[in-house]
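This report refers to the structure that appears directly beneath it.
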Amino acid sequence: MKLLFVADPLEGFKTYKDSTFAMMREGASRGHSLLACEPKDVVWQRGGRVTARLRDIALTGDPHRWFTERDPVELALADVDAVLMRKDPPFDSEYFYATHLLEQAEREGARVFNRPSALRDHPEKLAILEFPQFIGPTLVTRDAQAIKRFHAEHQDIILKPLDGMGGMGIFRVGPDGLNLGSITETLNQHGARTVMVQRYLPEIAQGDKRILIIGGRVVPFSLARIPQGSEIRGNLAAGGKGVAQPLTPRDREIAEGIGPVLFARGLLLVGLDVIGDAMTEINVTSPTCFQEITDQAGFDVAKMFVDALEAAVRDA
């Protein structure tokens with residue numbers, strides 16, 4: 001098959017931990033061809049199909065110069081076997097427009113994973129509210145007074161922007177309410193922006209668990225991202241330590257309850273974030289942690305993913 005990865009620039013990949021690279025490596029091991037582009041390379045011109053100028057790459061096995069490439073090729077996205085949307089967040093206006101171009105390519109016959117409409121329909125923080133049985137107390141609002149009332153009820157809370165990534169913009173306010181007003185103003189910009197507020201979960205000390213769901217099936221190990229030092233954030237990008245561990249019964253209950261629902265909507269790969277017994281995010285844009293789980297637990301996540309991808313292409 002020809003696999004097209006729509007991703008960030010290849011030159012910035014950290015191949016020792018990058019999940020997109022793990023997908024590429026597994027695909028290449030099976031004889032699949034690898035193509036890559038960035039969202040900015042996708043073009044739709046009047047009367048034509050959605051096309052892109054693609055990098056035709058081969059893996060070298062050298063971590064310092066991990067790919068070589070032949071001359072670029074111009075192809076319609078419908079002429080490759082699978083398009084994998086792996087652009088990292090944030091989900092900004094350009095990401096939004098990219099999903100529309102990819103959706104047009106779908107109408108022309110392209111097979112896109114995850115489906116562009118499903119990416120738009122499942123904002124990574126808001127999507128959890130569809131599944132209240134699996135989450136802790138949560139409020140989404142622009143109203144500063146509503147945030148004050150939530151804090152008065154729950155005492156210890158987390159505030160975060162809806163469009164953050166990698167732990168950016170996350171604040172904790174304890175029972176004393178210190179700086180709640182200032183933090184609220186910073187995040188909601190005097191009512192102009194929507195904020196998510198959640199009860200603080202002390203189980204974060206044991207890690208913010210990333211649980212992967214592939215083709216509606218659950219990977220049997222999570223990666224617990226454990227905050228270090230005085231940090232409250234477990235995100236690896238914020239310095240958290242990743243520890244692979246078997247799923248707990250509650251982890252499995254959450255993932256098995258959500259996985260088939262999201263797969264039916266066109267989400268081949270999903271990453272749930274779970275703290276203690278509560279889900280905190282549903283990641284659909286570019287879920288990661290393949291290599292950490294494989295290296296520590298011995299479970300080949302990339303193999304499971306490419307198996308599911310091949311089956312999805314056959315069934316499309």
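For segment 264-307, the set of residues classified as in contact with an Asp or Glu (Cβ under 7 Å, 6 or more places away or on another chain), outside any helix (DSSP H, G or I), over 20 Å from residue 118 (Cβ atoms) and not β-branched (Val, Ile, Thr) consists of 276 only.
Taken over segment 112-138, the residue count meeting the criterion of being modelled with pLDDT of 95 or more, within 19 Å of the chain's Cα centre (by Cα) and not aliphatic (A, V, I, L, M) is 11. From the list 244, 255, the lone residue that is part of a helix (DSSP H, G or I) and either under 22 Å from residue 90 (Cβ atoms) or among the hydrophobic types (A, V, I, L, M, F, W, C) (or both) is 255.
Residue 303 meets all of the listed conditions (1) modelled with pLDDT under 95; (2) surrounded by fewer than 23 Cβ atoms within 10 Å (Cβ to Cβ); (3) closer than 28 Å to residue 87 by Cβ but one, namely (1). Give segment 227-253 a look and list any residue that's crowded, with 19+ Cβ neighbours inside 10 Å, at pLDDT 90 or above and out of contact with any Leu (no Cβ under 9 Å at 6 or more places or on another chain), or say none. Matches in segment 227-253: 247 only.
For residue 83, the criteria (1) under 19 Å from the mean Cα position of the chain (by Cα); (2) within 18 Å of residue 3 (Cβ to Cβ); (3) assigned to a helix (DSSP H, G or I) hold in every case but one, which is (3). (1) under 24 Å from residue 125 (Cβ atoms); (2) in contact with a strand residue (DSSP E or B) (Cβ under 8 Å, 6 or more places away or on another chain); (3) surrounded by fewer than 18 Cβ atoms within 10 Å (Cβ to Cβ): which one isn't true of residue 94, the others all being true? Going through the list (1) under 24 Å from residue 125 (Cβ atoms); (2) in contact with a strand residue (DSSP E or B) (Cβ under 8 Å, 6 or more places away or on another chain); (3) surrounded by fewer than 18 Cβ atoms within 10 Å (Cβ to Cβ), residue 94 breaks only (2). Among the residues of segment 114-148, just one is within 17 Å of residue 272 (Cβ to Cβ) and part of a strand (DSSP E or B), namely 138. Of all residues in segment 1-26, those satisfying the criterion of being in a helix (DSSP H, G or I) and loosely packed, with under 15 Cβ neighbours inside 10 Å are 11, 12. Inside segment 27-71, residues that are modelled with pLDDT under 95 and either surrounded by 11 or more Cβ atoms within 10 Å (Cβ to Cβ) or assigned to a strand (DSSP E or B) (or both) make up a count of 0. When segment 278-300 is filtered for residues that are out of contact with any Leu (no Cβ under 7 Å at 6 or more places or on another chain), among the small types (Gly, Ala, Ser) and buried (at least 19 other Cβ atoms within 10 Å of the Cβ), only 286 remains. Scanning segment 252-287 for residues that are among the acidic types (Asp, Glu) and more than 22 Å from residue 22 (Cβ to Cβ) yields 253, 256, 277.
Could you tell me whether any residue of segment 217-232 is over 30 Å from residue 32 (Cβ atoms) and touching a residue at least 24 places away in the same chain (Cβ under 8 Å)? Yes. Does residue 236 satisfy the condition of being closer than 25 Å to residue 137 by Cα, touching a Lys or Arg at 6+ places or on another chain (Cβ under 6 Å) and aliphatic (A, V, I, L, M)? Taking the combined requirement at face value, the residue satisfies it. The set of residues from segment 149-177 being assigned to a loop (DSSP other than H, G, I, E, B) and modelled with pLDDT under 95 comprises 162, 163, 164, 165, 166, 167, 168, 169, 170.
The values are calculated or read from the model by the stated rules, or taken from the named source; none is laboratory data. Bear in mind the structure is a predicted one, so any value in this text is a computation, not a measurement. Cβ sites come from the backbone with ideal geometry, for glycine too, and all protein chains shown count toward neighbours.
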